[in-house]
């Protein structure tokens with residue numbers, strides 16, 4: 001039978017207490033009401049939960065015989081923690097002036113937190129890596145948390161939006177987060193998985209602060225572009241090329257009937273090279289809400305809200321999950337590249353610039369083969385990779401810029417002289 | 001914002017395509033740079049096209065005719081109109097809807113935008129002549 005309450009204490013905070021030359025200090029207990037689960041903290045949590053109580057941290061071992069009434073204990077304290085050293089403590093619940101010892105569980109210190117991943121991922125390497133994530137919607141939020149779980153140590157998060165009702169069905173955040181900045185909510189989610197992660201939050205529109213975007217790209221080992229518009233993708237792509245940094249772009253197509261991923265590797269084709277290839281259909285972009293559709297120009301200004309509502313078609317969270325998952329794997333592989341880890345073998349597999357996935361045989365995938373007996377024909381629920389040709393005169397990534405001069409429109413203009421008398 | 005290399009490439013195209021035109025890049029050292037180009041229609045009317053460059057080429061630039069045009073019925077062309085290919089006006093100028101989201105790439109030159117605006121002006125004058133909405137002549141951009 002499990003001993004209740006279950007009490008957790010953070011070893012890093014024991015270390016902190018020991019490092020300070022104090023004999024006692026007041027802390028806080030957070031109790032999940034009616035669940036008999038208590039987390040004891042030396043420092044207040046940024047966002048507290050449950051019932052709050054006072055805790056007395058004391059240096060040294062418990063000086064009284066077990067169960068003895070301790071006259072100096074004030075009723076205002078719920079627990080007394082005796083800190084023996086930075087790895088050991090004893091915790092006592094205060095019950096009517098008496099101290100009853102309880103079993104204590106430890107939240108491991110930084111060195112041990114991701115020890116279970118050792119052998120699969122080079123956790124020490126990931127801890128030193130910095131990932132920049134632009135866009136914390138249904139894609140960016142999941143990717144951020146997965147990377148935190150894998151042990152990535154540093155993040156810069158960009159999103160100017162707040163959590164709204166229409167986000168909840170696919171977002172990692174919950175109804176408790178409604179109204180919060182996505183950067184704040186995902187910060188909490190990351191440090192909830194890895195309390196030692198360093199997270200910088202930028203609740204701004206990157207398209208309106210290009211110098212900051214560029215500065216943060218320079219600090220990052222890899223950039224995840226999980227935005228919903230081409231303007232930001234072009235801006236990020238341009239700077240990735242300039243700074244020769246790795247980047248992963250991902251999106252869902254209409255109703256998340258599928259999705260795709262583009263990986264920029266320095267020296268290779270850029271996002272702009274991808275546009276216009278047979279693989280990439282810009283018009284198939286998923287529009288998740290009217291506000292962002294209008295802001296991005298995907299819904300023209302002259303379209304009424306009623307008509308615009310018809311183009312907002314959102315897929316399921318489970319539809320975008322596979323796309324996020326591959327983005328995470330590509331990121332972890334790139335961050336661990338060249339190191340001897342359990343995912344090194346993926347370097348021989350995930351070699352393509354562009355990856356395509358279909359969830360259902362609809363619209364642009366309607367002619368794909370049914371999953372049973374598909375043979376070599378493209379079908380759903382499988383990844384397909386493609387090499388993208390670097391455009392020699394790409395305006396973003398080549399030194400020789402050749403612009404689209406609109407010859408077809410020039411020709412139309414030439415024909416216009418014949419239309420003077422149109423009636 | 002354009003890189004110096006991109007700006008030079010744009011100037012090279014304009015110099016080649018519009019050798020006799022007095023176009024000007026203005027406020028280029030500010031956060032709101034723009035270019036103005038003269039446009040003479042087949043009917044001999046002269047307009048000025050203003051293209052704003054603050055987010056060009058990674059975003060569709062705003063393009064204006066530097067006055068408030070009126071429809072054949074005398075209504076100011078100051079709001080979004082699918083049938084007339086306009087967007088909400090700014091600066092008191094009629095704003096031309098010249099590109100759609102999914103068609104835009106950073107490869108598009110200022111010259112191409114100018115040509116599309118010239119076409120729009122031709123259609124506008126046809127509208128004044130015939131009363132047909134401009135939609136009658138122009139396809140919508142995706």
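The values are calculated or read from the model by the stated rules, or taken from the named source; none is laboratory data. Every value quoted in this text rests on a predicted model; they were computed, and no experiment measured them. FYI the Cβ positions are ideal-geometry reconstructions off the backbone, even for glycines, and counts take in every protein chain you see.
Please verify whether residue A:46 is in contact with a helix residue (DSSP H, G or I) (Cβ under 9 Å, 6 or more places away or on another chain), modelled with pLDDT under 90 and not in a strand (DSSP E or B), treating the condition exactly as stated.
Working: in contact with a helix residue (DSSP H, G or I) (Cβ under 9 Å, 6 or more places away or on another chain): yes; modelled with pLDDT under 90: yes; not in a strand (DSSP E or B): yes.
When the stated conditions are applied, residue A:46 passes them.
Just need a number here: residues in the stretch B:112-140 that are more than 7 Å from every other protein chain (Cβ to nearest Cβ), part of a helix (DSSP H, G or I) and without any contact (Cβ under 8 Å) to a residue 60 or more places away in the chain.
Residues of the stretch B:112-140 that are more than 7 Å from every other protein chain (Cβ to nearest Cβ), as a first pass: B:113-114, B:117, B:120-121, B:123-125, B:127-129, B:131-140.
Filter again for part of a helix (DSSP H, G or I), leaving B:113-114, B:117, B:120-121, B:123-125, B:127-129, B:134-136.
Going one step further and asking which of them are without any contact (Cβ under 8 Å) to a residue 60 or more places away in the chain, we end up with B:120, B:123-124, B:127-129, B:134-136.
Count: 9.
Only one residue in B:102, B:89 is surrounded by fewer than 22 Cβ atoms within 10 Å (Cβ to Cβ) and assigned to a helix (DSSP H, G or I), so which one is that?
On the way: B:89 fails: assigned to a helix (DSSP H, G or I).
Answer to the check: B:102.
Looking at (1) touching a residue at least 60 places away in the same chain (Cβ under 8 Å); (2) assigned to a loop (DSSP other than H, G, I, E, B); (3) closer than 17 Å to residue A:265 by Cα, find the lone condition where residue A:340 falls short.
It fails just one condition, (3).
State which residue is nearest to the other protein chains (Cβ to nearest Cβ) when the search covers only the stretch A:374-418 and only residues that are under 30 Å from residue B:126 (Cβ atoms) and surrounded by fewer than 13 Cβ atoms within 10 Å (Cβ to Cβ).
If we filter the stretch A:374-418 for residues that are under 30 Å from residue B:126 (Cβ atoms), which is where we start, we get A:403-418.
Filter once more, so that each one left must be surrounded by fewer than 13 Cβ atoms within 10 Å (Cβ to Cβ): A:407-408, A:411, A:414-415, A:417-418.
Working: A:407: 9, A:408: 9, A:411: 10, A:414: 10, A:415: 10, A:417: 5, A:418: 9 Å.
Result: A:417.
State all residues of the stretch B:102-142 that are closer than 17 Å to residue B:54 by Cα and in contact with a helix residue (DSSP H, G or I) (Cβ under 9 Å, 6 or more places away or on another chain); if no residue qualifies, say none. Break it down stepwise before answering.
Initial filter on the stretch B:102-142 (closer than 17 Å to residue B:54 by Cα): B:104-111, B:113-114.
Result: B:104, B:105, B:106, B:107, B:109, B:110, B:111, B:114.
For residues in the stretch A:356-373 being surrounded by fewer than 18 Cβ atoms within 10 Å (Cβ to Cβ) and touching a strand residue (DSSP E or B) at 6+ places or on another chain (Cβ under 6 Å), which is farthest from the other protein chains (Cβ to nearest Cβ)?
A:371
For the stretch A:241-257, name all the residues that are at positive phi and either part of a strand (DSSP E or B) or over 22 Å from the mean Cα position of the chain (by Cα) (or both). Full working, then the answer.
At the first step, the residues of the stretch A:241-257 found to be at positive phi are A:244, A:255-256.
A:244 - this is the single residue of the stretch A:241-257 that is at positive phi and either part of a strand (DSSP E or B) or over 22 Å from the mean Cα position of the chain (by Cα) (or both).
If residue A:237 satisfies all but one of (1) out of contact with any strand residue (DSSP E or B) (no Cβ under 9 Å at 6 or more places or on another chain); (2) in a helix (DSSP H, G or I), what's the number of the condition it fails?
(1)
Only one residue in A:113, A:168 is out of contact with any strand residue (DSSP E or B) (no Cβ under 7 Å at 6 or more places or on another chain), surrounded by fewer than 17 Cβ atoms within 10 Å (Cβ to Cβ), over 20 Å from residue A:327 (Cβ atoms) and at pLDDT below 95. Which one? Give the steps one after another, and end with the answer.
Values: A:113 fails: surrounded by fewer than 17 Cβ atoms within 10 Å (Cβ to Cβ).
Criteria check complete, one pass: A:168.
State which residue is farthest from the other protein chains (Cβ to nearest Cβ) when the search covers only the stretch A:262-273 and only residues that are in contact with a strand residue (DSSP E or B) (Cβ under 7 Å, 6 or more places away or on another chain) and buried (at least 24 other Cβ atoms within 10 Å of the Cβ).
Result: A:263.
Give just the number: which of (1) assigned to a helix (DSSP H, G or I); (2) within 20 Å of the chain's Cα centre (by Cα); (3) within 14 Å of chain B (Cβ to nearest Cβ) does residue A:227 not satisfy?
Of (1) assigned to a helix (DSSP H, G or I); (2) within 20 Å of the chain's Cα centre (by Cα); (3) within 14 Å of chain B (Cβ to nearest Cβ), only one is false for residue A:227: (1).
So if I check each of A:78, A:29, which one is at pLDDT 90 or above, part of a strand (DSSP E or B) and over 25 Å from residue A:113 (Cα atoms)?
A:78
Taking only the stretch A:26-61 into account, find how many residues are closer than 12 Å to residue A:77 by Cβ and free of Cβ contacts under 8 Å to residues at least 40 places away in the same chain. Before the answer, list the steps.
Applying the first criterion (closer than 12 Å to residue A:77 by Cβ) to the stretch A:26-61 yields A:26-29, A:40, A:53-58.
Cutting the leftovers down to free of Cβ contacts under 8 Å to residues at least 40 places away in the same chain gives us A:26, A:28, A:53-56, A:58.
The qualifying residues number 7.
Find the residue count for the stretch B:6-54, including only residues that are in a loop (DSSP other than H, G, I, E, B), within 14 Å of another protein chain (Cβ to nearest Cβ) and touching a strand residue (DSSP E or B) at 6+ places or on another chain (Cβ under 6 Å).
Count: 1.
Only one residue in B:102, B:109 is over 9 Å from the mean Cα position of the chain (by Cα), over 23 Å from residue B:48 (Cα atoms) and within 7 Å of another protein chain (Cβ to nearest Cβ). Which one? Let's see the steps before the verdict.
Details: B:109 fails: over 23 Å from residue B:48 (Cα atoms).
The conditions single out B:102.
Filter the stretch A:274-308 down to the residues that are part of a helix (DSSP H, G or I) and more than 8 Å from chain B (Cβ to nearest Cβ) and list them by number. Steps first, please.
Initially, the stretch A:274-308 is screened for residues part of a helix (DSSP H, G or I), giving A:274, A:282-284, A:290-296, A:305-308.
Selection gives A:274, A:284, A:290, A:291, A:292, A:293, A:294, A:295, A:305, A:306, A:307, A:308.
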